[in-house]
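Here's the structure, in C-alpha cells; my notes come after.
The values are calculated or read from the model by the stated rules, or taken from the named source; none is laboratory data. These numbers were taken from a predicted model, which means no experiment stands behind them. With ideal geometry, Cβ positions are generated from the backbone for all residues, glycine too; neighbour counts draw on all protein chains shown. Note: areas computed on protein heavy atoms with side chains; ligands, DNA, RNA excluded. Shrake-Rupley method; radii C 1.70, N 1.55, O 1.52, S 1.80 Å.
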Amino acid sequence: MNAVTQTVAPASALKSALRDFVASGSTEVTPDDAQFLDEMARILPAGFPVYVANTPKTSPDDVVRVALRVQELGLTASPHVIARRVVDAGRLRDRLRVLAASGVQQVLLVAGDVAIPDPAFTSTIELLESGVVADAGIRRVGVAGHPEGHPVVPAEVIWQALERKHAIARATGLTMHVATQFGFDSRALTVWEQGLAARGIALPIHAGVAGPTPFTRLLRYAVHCGVGASLKAVSGNPMSFSRLPYLVTRADEMLLGVLRAKQATPDSRIFAPHFFAFGGVLETARWLRAVIEGSFELDPAARGFTIKTQ
C-alpha cells in the first residue's frame, strides 16, 4: 500500500502542478491568424494572455487591429512592438494610447533583427528610455530573453542590456518580465536563471515552450529564430537528439523541463510558460485547454505526457 501511495502521489502532484502552470501561461498569434480568433476565444479560458506578433509581412496597424479584437473577445492582448521598425515615436504613442483605452495593459518590446531605414529607435533600451510606453498609459512590459544565447549578439552584450532594462523598470515603476525564446536543451534555462541571479536581475521569467509542432517544422522555426546552442550540439544531425538525454523535442517534454527547472529552485523567478504556436494557433489552444483540464497521461518515467483522445 505504501509503495503504491508513494508512486501515485508524486505523479498526481506533478499533474496538478502542470495544470496550474499552464493555466498561468500565455500563447501567441500573428495578424495572419485573425480568422481563428473567435474559435480560439471559445477554447481558451477567459482572460488567457495572447501575444500578438509583428511578423515581417505585417504592419504595426495590423498588430493593433488584431490586439483590439483579442481584447474584445475576452482574452488578454499583449502586442509586440519592434523597436527598429518604429518609423515615428509619436505615431507609436498614438497606437499605444488606442490600445490602452481598450484595456490593453501590456506590450512585448523586442529590438528586431532587421531595421527599417532611419528608425525612431535602434534598440529596446532607447524605446524604454524615451518614455513613450509609459506616456501612453501602459505600465507592463515584456522584454526578450535568450537562454541558449543570441545567434549574432555576444553574451556579455545581452547581459548588459538586460541589466539596463531592469534598471529602467525600477527607475520608472514599469512592471517588467522577461519572455524567453524556446529551446531544446532542458538544462539551459536553469543555467540562464542562475546567470540572472548572479547579476542581480530579479525580473520574472515567462519561459518559452514550443507548442505541439511536428519536429521537422520545429527545426525550421528554430533555425529562423536563432535557437543555436542545442542545434550546434547535434551537429546538423537531427537523429542525435535521441542520443542526448538532456535534449527535448516535443511540447510536453519542453513543458516538463521548464516546470522542473522552476521546482528545482525554491526562489525561482520562472513564473509562467509562454507557448509559441508556430502557425498552429488552434492546435496549440486545444492542447493547452486539454492540459489545463487534466486530460493527459504522464508517461511511466514522467519525462513527457500524451493528451487523452476523446
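When the helices of the chain are scored as -39500 (n - 2.57) per DSSP H run of n ≥ 4 and the total is divided over every residue, the value at 222 nm lands at -13500 deg cm²/dmol.
PRE reach from Ser24 (point 7 Å along Cα→Cβ): which of the stretch 63-95 fall under 20 Å by backbone N? Under cut-off, by backbone N: 76-78. Using C-alpha pairs below 8 Å separated by at least 6 residues, the relative contact order for the stretch 10-67 is 39 percent. Inter-label distance, Arg140 to Ala198: 3.2 nm, where each label sits 7 Å from its Cα along the C-beta direction.
Mind listing which trypsin sites (Lys or Arg not before Pro) in the stretch 57-143 are in a DSSP loop and have 12 or fewer other Cβ atoms within 10 Å?
Taking the stretch 57-143 and a limit of 12 other Cβ atoms within 10 Å, the loop trypsin sites (Lys or Arg not before Pro) found are Lys57.
Taking the charge dipole of the stretch 11-108 about its Cα centre, with +1 at Lys and Arg Cβ atoms and -1 at Asp and Glu Cβ atoms, the residue from Ile43, Ala13, Leu96 reaching farthest to the positive side is Leu96.
Go ahead and run the numbers for FRET between Ala100 and Ala13, Cβ-Cβ distance against an R0 of 45 Å, rounding to 0.05. Provide the component values of the computation, followed by the final result.
Working: r = 40 Å, r/R0 = 0.89.
Calculated transfer efficiency: 0.65.
A simple spin-label model places pseudo-atoms 7 Å from Cα toward Cβ; at Thr309 and Ile116 they are separated by 4.9 nm.
Taking every alpha-carbon pair under 8 Å whose residues sit at least 6 apart, the chain reaches a relative contact order of 20 percent.
Three principal axis extents describe the C-alpha atoms of the stretch 59-99; from largest down they are 30, 16, 13 Å. Per-residue surface analysis assigns His206 an accessible area of about 40 Å², computed on protein heavy atoms at 1.4 Å probe radius.
Against the set [x] 1.10; [y] 0.91; [z] 1.00, the structure's computed Cα Rg over 2.2 N^0.38 Å falls on [z].
For the chain, set up a Gaussian network in which alpha carbons nearer than 10 Å are linked by springs, and say which option among Ala77, Ala222, Ala251 fluctuates the most. Checking each option, the largest mean-square fluctuation is seen for Ala222. Where Rh denotes the Kirkwood radius from the mean inverse Cα pair distance, what is Rg over Rh for the stretch 137-214? Reported Rg/Rh (Cα atoms, Kirkwood Rh): 0.98. Phi angles of the stretch 94-104 translate, via the Karplus equation with coefficients 6.51, -1.76, 1.60 and θ = phi - 60°, into HN-Hα couplings of 4, 4, 5, 5, 4, 5, 4, 5, 9, x, 6 Hz per residue; Gly and Pro are given as x.
Averaged over its residues, the chain has an accessible area of 47 Å² per residue, based on protein heavy atoms and a 1.4 Å probe. Here's the picture: a label point sits 7 Å out from the Cα of Arg164 along the beta-carbon direction, and within the stretch 62-98 the residues with their amide nitrogen under 16 Å of it are 83-84. Per-residue extension of 0.36 nm, minus the Cα-Cα distance of Gln35 and Thr55, leaves a gain of 5.6 nm for this segment.
Note on the chain: with a GNM built from Cα contacts shorter than 10 Å, the maximum mean-square fluctuation among Thr124, Thr213, Thr172 falls on Thr172.
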